[in-house]
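Data block below; observations after.
No value in this document is a laboratory result; all are computed from the given coordinates. Fair warning: this is a prediction, and the values are worked out from it, not measured in the lab. In this analysis, Cβ positions are derived from the backbone assuming ideal geometry, glycine residues included, and neighbour counts consider all displayed protein chains.
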Amino acid sequence: MDKRRLVGFRKRLEAKYAELDLFLSKTQTVSRELGEKRRGDEGEEATLSYNREMLYSQGDSGRTQLMLVRDALIRLDEGEFGICESCGCSIGFKRLDAVPWTRYCRDCQEEVESGTAVPGER
């Protein structure tokens, strides 16, 4: 992959990392504030509980994506960006353009998602 494209991917990944980091920080702050709220009646407590669960779920998903973005930045530094971690083939540009933090080519991703392959076992 040419240097110009790699620089573009780095900028996008760094921007996504910063966005996710800010999101997780805000989620943590709101979660903490919800935990400190005084308990009200059963309806208010149910609403608080639901909101805490939603924040937890969003935070968990955000942390997972943040790790994927961080790993993609590491692969960029190590010269392994755009290489499938399972089969070692190049990941298509369209796929990288859509999901620059992807670890797998399209075929391997489908196998991982369907459960017919274990990541890294080819």
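Would you mind working out the magnitude of the charge dipole of the range 82-122 relative to its Cα centre, with +1 at each Lys and Arg C-beta and -1 at each Asp and Glu C-beta, to the nearest 20 Debye? Before the final figure, lay out the partial values.
Details: 5 positive and 7 negative charges, 32 e Å.
The calculation lands at about 160 debye.
Projected label points at Asp97 and Ser61, each 7 Å from Cα along the beta carbon direction, are separated by 2.6 nanometres.
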